[in-house]
Amino acid sequence: MKELLKIKGLKAKVGEGEILKGLDLTIHPGETHVIMGPNGAGKSTLASVILGHPAYEVTEGNIVFEGEDITEAKTDERAKKGIFLTFQSPEEVDGITVENFLRTAKSAVTGEAIKAWGFHQELMALMEKLNFESGYASRYLNVGFSGGEKKKNEILQMLTLNPKLAILDETDSGLDVDAVKTVSEGIRNFKNDNNALLIITHSAKLLENLKTDYVHILVEGRIIKTSDASLIDEVGRVGFTAMLPEDLRGGV
Amino acid sequence: MELKKTVVSDVDRSIYDIANPEKAKYKVNKGLSKEIVMAISAEKKEPSWMLEHRLRSLEIYEKLPMPAWGPDLHMLDMEQVVTYVSPGTGMKDNWQELPEEIKLTFDRLGIPEAEKKALSGVGAQYDSEVVYHNVKEEMSSQGVIYTDMDTALREYEDILRAHFMQLLPASTHKFMALHGAVWSGGSFVYVPEGVEVSMPLQSYFRLNAPGAGQFEHTLIIVEKGAKLHFIEGCSAPRYNVLNLHAGGVELFVKENATLRYSTIENWSRNMLNLNSKRAVVDKNGAIEWVSGTFGSQITMLYPMSILKGEGARSEFTGITFAGEGQNLDTGTKVVHAAPGTSSTVISKSISKSGGKATYRSAIVVRPEATGTKSSVTCESLMLDSDSRSDTIPVMDIRNDEADIGHEARIGRISEEAIFYLMTRGIGESEAKALIVRGFVEPITKELPLEYAVEMNRLVTLEFEGSIG
């Protein structure tokens, strides 16, 4: 099957500190991948680097999306190709409403003018599914939103932009049980055979209702173990350190 | 002297920059002298008290020092400034009667179009003289007077004599003294008791002559319970010599009256804009300043509200956008001089490409102004590390019963926010423009519609071509 995302030998640093130290990852359409790992392992860095965050410098390796090398591409070009990232703590942007922002984004991603009224109805339907009070559509982007509302807004954006690859960075952190359920339903609605998920998480809560194909353990900038969903339980039982090769154990 | 640039780096000024060949019918020599002041007065056929006022102002000008604070004004050489340039058209109330090139200038700026759609009256000044003035019939039939200052001086001499430069005497500062000596043009508005002017009046000031000064005087009286929105716009094409603007605005807001005074200043970057504005507000009256400063090389502008009557209110909403080579020093002053008065100040500034934006304000609460409320919010956004932003708020509170709030924020445009928007497919320049537009949104919504659109356009243009 054709690869959607192929990362090879990726090394990246911020300032002088190398965070990703030779990382390989391949994702095919239809797959759900989970990345787990201790704090500071480089999970969020990986997500940022896939989207081309300007603070990180790729020193080696490359990122290929649908056969095209995007290692040097600008962030918005990556988004237009179909890569999406939900943020752990999304920025608050004053003066632009959620609805206008999403319409602008959708128009940018699809390259088409989006009719306001049709879009409004689509948005309202999605918000209802997410138990997201419709009034938030006319509020400024994330300004004064609670943690949970921000996360719902991220999922709303994902559903609106309908990317080929969605990277979810700690989407479940800070959510109460009901909100996790709603968000997880939103993710299930999104998922189909043609798109893929890369879920970064600490906990198994969000994954309970999702079919997981691969689980990767990321430690110190490298994927040290890859297996099927059973690995989630193993992490829960033994923790990350036990999975490390001998020479790395002291370092965690 | 600075070199002429072939490319203006950021704001697209193409509309503003179209200069007409100078065809002044009459202009005075460069510089400032008693003879020049007398020549201006004679050309205008003024009453003798006005000539005396001018000459007194000139004496004061010669005695007063340059301001010892704020932007450096050393480049100003009054010997090089032509203080009076008359297009010699006379004043018309029909655009068709104006010379083609002057008419075209105002057409490009959209003034006649706006007049038809959304204004109760329009005045247009070209260099030193007002060339057009018209007020809609329904307004004049209610006793609203809207005319140029020369006409007002002939037809309403007593009112003028009682008010002219009473709020802004020549002794206010050096440039007000200069104004007193060589003032010309401007608008006079009188709104009778209880009359609400439904659509705004707008005066537009266009300076076409290179090396000239514009010294228009605007005098507005809003009687008891009356209401007015007055809009002032200004622009000039760019020249490689300095132009000077030192206008004066005096506003008298009577009991229970409301005056909104909106200014959009878009002078070219060879302009020194040293303008003075003051309003005095009687019992339960309100002055609302809306101020947008985009152009000029140097601006010093601090509209002042004197809250003289009990319960009088003042609101100031200002936006300043300083680009390359600009030093824009703006703010406001409020004097609370009666009990129960209140003031609100919201100021936002943006600086980029080495521009400097300074917010300067003074809130004065007199001992007798008990139960005063004042809230000041100023925010600055610097778009790059070459730019500067300063905040200089002064509070002078002379009683214990004042409720004063102040909040200041200075920040840079957030890289994280730009990244966030870009991950949603929005390009870098558009992302920055969205953030800046969002920042100024509380101000844009106060602007007259045509200017709000204009400002959004300015912000967008500002970022186009700035990438890569």
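Volume per residue, Å³, of the convex hull around the alpha-carbon atoms of chain A? Walk me through the numbers before you get to the answer.
Details: hull volume 33.4 nm³, N = 252.
Roughly 133 Å³ of hull volume per residue.
Restricting things to alpha carbons, find the Rg to Rh ratio for the protein assembly as shown using the Kirkwood radius for Rh.
Numbers: Rg = 31.3 Å, Rh = 28.9 Å.
Ratio of gyration radius to Kirkwood radius: 1.08.
What FRET efficiency comes out for the pair A:Ala242/A:Val14, r = Cβ-Cβ distance, R0 = 22 Å, nearest 0.05?
Working: r = 29 Å, r/R0 = 1.31.
My answer for the efficiency is 0.15.
Just want the answer: with Cβ charges of +1 for Lys and Arg and -1 for Asp and Glu, which residue in B:Ala312, B:Ile159, B:Ser385 is farthest toward the dipole's positive end in the protein assembly as shown?
After comparing all options, I get B:Ile159.
5 Å is the cut-off here: which amide hydrogens, built 1.01 Å from N in the peptide plane, fall below it relative to B:Met304, excluding neighbours closer than 5 in sequence?
The list, which skips near neighbours in sequence, is B:Lys277, B:Arg278, B:Ala279, B:Lys333.
Along the charge dipole of the stretch B:17-116, Cβ charges K/R +1 and D/E -1, which of B:Leu55, B:Val81, B:Asn29 sits furthest on the positive end?
Of the options given, the answer is B:Leu55.
Along the three principal axes, how long is the stretch B:251-329 when you take its alpha carbons, biggest first, rounded to the nearest angstrom?
44, 16, 14
Net charge around A:Thr32, counting only other residues with Cβ within less than 9 Å of its Cβ (Lys, Arg = +1; Asp, Glu = -1)? Don't jump to the answer; show the numbers that get you there.
Values: positive: A:Lys191, A:Lys211; negative: A:Glu31, A:Asp213.
Combined, the nearby Lys, Arg, Asp and Glu give 0.
Restricting everything to alpha-carbon atoms, can you work out Rg to Rh for the stretch A:140-225 with a Kirkwood hydrodynamic radius? Please list the in-between numbers first.
Numbers: Rg = 13.5 Å, Rh = 13.9 Å.
Result: Rg/Rh = 0.97.
Starting from the 7 Å offset along Cα-to-Cβ, what nm value, one decimal, do you get for the label separation of A:Ala125 and A:Ala55?
3.8 nm
Relative to the Cα centre, what is the charge dipole magnitude of chain B, using +1 at the beta carbon of each Lys and Arg, -1 at the beta carbon of each Asp and Glu, and rounding to the nearest 20 debye? Numbers along the way, then the final one.
Numbers: 50 positive and 64 negative charges, 83 e Å.
The calculated dipole for chain B is roughly 400 debye.
Toward the positive end of the charge dipole of the stretch A:1-80, about the Cα centre and with charges on Cβ (Lys, Arg +1; Asp, Glu -1), which of A:Val34, A:Leu5, A:Pro54 goes farthest?
Result: A:Val34, furthest along the dipole toward the positive end.
Taking amide hydrogens as modeled 1.01 Å from N in the peptide plane, which residues meet the under 5 Å criterion relative to B:Ile410, leaving out close sequence neighbours?
The answer is B:Ser380.
How do the peptides B:87-97, B:348-358 rank, highest first, by the average count of neighbouring beta carbon atoms within 10 Å per residue? Don't skip to the answer; put the middle values down first.
Working: B:87-97: 15.0, B:348-358: 23.5.
Result, highest mean Cβ count within 10 Å first: B:348-358, B:87-97.
Over all residues in A:100-111, what is the mean tally of Cβ atoms on other chains that come within 10 Å of each residue's Cβ?
3
Remind me, relative contact order of chain A in percent, using alpha carbon pairs under 8 angstrom and six or more residues apart? The partial results should precede the final answer.
Numbers: 448 pairs, mean separation 66.2, N = 252.
Dividing the mean separation by the residue count of chain A yields 26 percent.
For chain A, set up a GNM with springs between Cα atoms under 10 Å and report which of A:Val180, A:Val58, A:Val14 has the largest fluctuation.
Comparing A:Val180, A:Val58, A:Val14 in a Gaussian network model of chain A, the most mobile one is A:Val14.
Could you name the lysines whose alpha carbon sits less than 19 Å from that of B:Lys45, not counting residues in the same chain fewer than 8 places away?
Correct list for B:Lys45: B:Lys25, B:Lys27, B:Lys34, B:Lys92.
With θ set to phi - 60° and the Karplus curve 6.51 cos²θ - 1.76 cosθ + 1.60, what are the ³J(HN,Hα) couplings of the stretch B:331-337 in order, to the nearest whole Hz, using x for Gly and Pro?
x, 7, 10, 10, 10, 8, 10
So how do B:Met300, A:Met124 rank on accessible area, 1.4 Å probe, biggest first, that is with the largest at the start?
A:Met124, B:Met300
Could you compute how much accessible surface A:Thr241 exposes when probed at 1.4 Å, giving the result in Å² to the nearest 10?
60 Å²
Take peptide A:133-142, look around each residue's Cβ out to 10 angstrom, count Cβ atoms belonging to other protein chains, and average those counts. Don't skip to the end; give the middle numbers.
Values: counts 0, 0, 0, 0, 0, 0, 0, 2, 5, 2.
Per-residue shielding by partner chains comes out at 1.
Could you work out Rg/(2.2 N^0.38 Å) for the stretch B:26-413, with Rg from alpha carbons only?
Working: Rg = 20.1 Å, N = 388, 2.2 N^0.38 = 21.2 Å.
Normalised Cα radius of gyration, the stretch B:26-413: 0.95.
Could I have the simple spin-label model distance between B:Arg154 and B:Asp390, label points 7 Å from Cα toward Cβ, reported in nm to one decimal?
Calculated label separation equals 4.7 nm.
Which net charge results when you count Lys and Arg as +1 and Asp and Glu as -1 among the other residues whose beta-carbon is under 11 Å from that of B:Gly425?
That sum, taken over residues with Cβ under 11 Å, equals +3.
If r is the Cβ-Cβ distance from A:Glu185 to B:Glu407 and R0 is 45 Å, what FRET efficiency results, to the nearest 0.05? Can you show the working numbers first?
Working: r = 42 Å, r/R0 = 0.92.
Calculated transfer efficiency: 0.60.
How big is the convex hull of the Cα atoms of the stretch A:1-57, per residue, in Å³?
Working: hull volume 4.7 nm³, N = 57.
About 83 Å³ per residue, rounded to a whole number.
Just how much of B:Lys445 is accessible, in Å², when a 1.4 Å probe is used and the result is rounded to the nearest 10?
Result for B:Lys445: roughly 140 Å² accessible.
Specify the inter-centroid distance of the stretch B:215-284 and the stretch B:343-400, based on alpha-carbon positions, in whole Å.
Spelled out, the Cα-based centre of one part sits 20 Å from the other.
May I ask you to rank A:Glu91, A:Glu208 by accessible area, largest first, using a 1.4 Å probe over the protein chains only? Kindly include the intermediate steps, with their values, before the conclusion.
Details: A:Glu91 50, A:Glu208 140 Å².
Accessible-area ranking of A:Glu91, A:Glu208, largest first: A:Glu208, A:Glu91.
Within 10 Å of each Cβ in A:62-75, how many Cβ atoms from other chains are there, averaged over the peptide? Working shown, then result.
On the way: counts 0, 0, 0, 0, 0, 0, 0, 0, 0, 0, 0, 0, 5, 12.
What the average comes to for A:62-75 is 1.
Can you work out D for the stretch B:67-201 in µm² s⁻¹ from Stokes-Einstein, where Rh is the Kirkwood radius over C-alpha pairs, the temperature is 25 °C and the viscosity is 0.890 mPa s? Display every interim value, and only then the final one.
On the way: Rh = 17.1 Å.
Here the translational diffusion coefficient equals 144 µm²/s.
Given a 1.4 Å probe and the protein chains all in place, what does the accessible area of B:Trp69 round to, in Å² to the nearest 10?
Counting only protein heavy atoms, B:Trp69 exposes about 120 Å² to solvent.
Compute the signed sum of charges (Lys and Arg +1, Asp and Glu -1) over the other residues within less than 12 Å, Cβ to Cβ, of B:Leu51. All intermediate terms of the calculation are to be shown ahead of the outcome.
On the way: positive: B:Lys34, B:Lys44, B:Lys45, B:Arg54, B:Arg56; negative: B:Glu43, B:Glu46, B:Glu52.
Charge balance in the 12 Å sphere: +2.
If you place +1 on the Cβ of every Lys and Arg, -1 on the Cβ of every Asp and Glu, and leave all else neutral, what size is the dipole of chain A about its Cα centre, to the nearest 20 Debye? Kindly include the intermediate steps, with their values, before the conclusion.
Values: 29 positive and 38 negative charges, 58 e Å.
With only Lys, Arg, Asp and Glu charged at Cβ, the dipole is about 280 debye.
For A:Asp69 and B:Gln80, what is the calculated FRET efficiency with R₀ set at 60 Å and r taken between the beta-carbons, to the nearest 0.05?
Working: r = 60 Å, r/R0 = 1.00.
Once rounded, the FRET efficiency stands at 0.50.
With only Lys, Arg, Asp and Glu charged, each at its Cβ (+1 for the first two, -1 for the last two), find how big the charge dipole of the protein assembly as shown is about the Cα centre; round to the nearest 20 debye.
Working: 79 positive and 102 negative charges, 82 e Å.
Charge dipole of the protein assembly as shown: 400 debye, to the nearest 20.
Taking θ as phi - 60°, what are the ³J(HN,Hα) couplings along the stretch A:118-123 by the Karplus curve (6.51, -1.76, 1.60), each to the nearest whole Hz, with x for Gly and Pro?
The phi angles translate into x, 5, 4, 5, 4, 5 Hz.
Once amide H atoms are built 1.01 Å from N in the peptide plane, which residues 5 or more positions from B:Lys92, or in another chain, come under 5 Å H to H?
B:Tyr132, B:His133
The values are calculated or read from the model by the stated rules, or taken from the named source; none is laboratory data. Just so it is clear, the structure is predicted and the values come from calculations on it, not from any experiment. So basically every Cβ, Gly included, is an ideal-geometry build from the backbone, and we count neighbours across all protein chains shown. In case anyone asks, the SASA skips ligands and DNA or RNA and just uses the protein heavy atoms, side chains included. Shrake-Rupley method; radii C 1.70, N 1.55, O 1.52, S 1.80 Å.
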